[in-house]
Amino acid sequence: MPLRSSDARWGALAQFFHWTVALLIVAQGAIGLAMVAMAPTVAKVKVYALHKSIGLTVLALALLRLAWRAADRRPADPPAMPRRQALAARAVHAALYVLILAIPLSGWLFNSAANFPLSWFGLVHVPSLTGGADPALKAFARAAHETLFWILVAVLAAHVGAALKHHYVDRDAVLARMLPWRTRRRPVPSGDSAR
Ligand code: HEM
Ligand code: HEM
């Protein structure tokens, strides 16, 4: 599969970023919700550290992904797609980009304002964003982290629902062209669509 995207298909790098970030975000949601309910043990401290390290990885991948998107191209919209639907898809994608940056950033801010030390998998020291404890900012960042996560869940439901509708109802190649394996869907810009 070519590294770059074409008019008909997402390239290998765009697919790598999309599916790696998707997998890590889902894992992060599960780990985050589970860890806050844990009894205060050594295991809890370890799970928190893992959550923070994976979250920082997501932040780095999201930044690399945006940089690559600026250098790459975007496959064409299906010709039969109404303009309103194309605009809605763009808005949902923009919201997802904002959320995959803002959620780990709010976690990092919370950690900094709580004056907890931070390292990436125990290998790299990560600096504080606040330079010390800040109780008001800590409360804000904590609330933002949780609220933004639930907003992500709602936006994702629309995103995944739309992908499945394209695949099973419209029967076009919008989902297929984001998948690393070949499917029988004809390429999106073929004009007469794959109905
Ligand atoms: C945390 C999970 C996910 C995030 C953050 C996410 C984010 C995004 C973003 C930002 C784009 C826009 C790409 C661009 O135009 O640069 C996109 C495209 C896409 N996503 Fe996701 N996604 C997630 C999960 C999923 C899942 C589970 C599916 C499938 C069931 C899916 C299917 C697609 C498809 C098919 C496209 C391409 C749309 C097109 O070609 O216009 N995504 N995703
Ligand atoms: C990829 C991104 C991330 C996702 C999806 C995510 C998701 C979550 C979720 C769902 C919770 C539970 C919220 C609750 O019910 O109270 C949580 C808690 C937490 N997250 Fe994240 N998180 C991410 C990144 C980060 C990062 C990068 C850090 C820090 C560097 C971090 C630090 C924390 C902390 C300290 C808590 C516990 C808050 C508390 O004790 O109330 N998170 N996260």
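A short reminder: the numbers here are calculations on the coordinates, not readings from a lab. All values reported here derive from a predicted model rather than from experimental measurement. Here the Cβ positions follow ideal geometry from the backbone for every residue, glycine too, while neighbour counts run over all protein chains shown.
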Quiz item: In which sequence would LEU109, LEU59 go, from the one with the fewest C-beta neighbours within 10 Å to the one with the most?
Solution: LEU59, LEU109
Practice problem: For ALA37 and VAL124, calculate 0.36 nm times their separation in residues minus their Cα-Cα distance, and state this gained length in nm to one decimal. | Solution: 28.6 nm
Exercise. Taking the Cβ of GLY122 as the centre, find all other residues whose Cβ is under 14 Å away and add up their charges (Lys, Arg: +1; Asp, Glu: -1).
Key: +2
Quiz item: Any idea what diffusion coefficient the stretch 1-93 gets from Stokes-Einstein, in µm²/s, Kirkwood Rh on alpha carbon pairs, 4 °C, 1.567 mPa s?
Solution: 83 µm²/s
Quiz item: Using the count of nearby Cβ atoms within 10 Å as a rough guide to exposure, how do TYR97, TYR168 rank from fewest to most?
Solution: TYR168, TYR97
Exercise. Quick one: grab Rg to one decimal and Dmax as a whole number for the stretch 12-190, Cα atoms only, in Å.
Key: 18.8, 58
Self-check item: In the stretch 110-189, the trypsin sites (Lys or Arg not before Pro) that fall in loop regions by DSSP, at most 11 other Cβ within 10 Å
Solution: ARG182, ARG184
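Based on other C-beta atoms within 10 Å, arrange PHE121, PHE17 from fewest to most.
Final ranking by Cβ density, sparse to dense: PHE121, PHE17.
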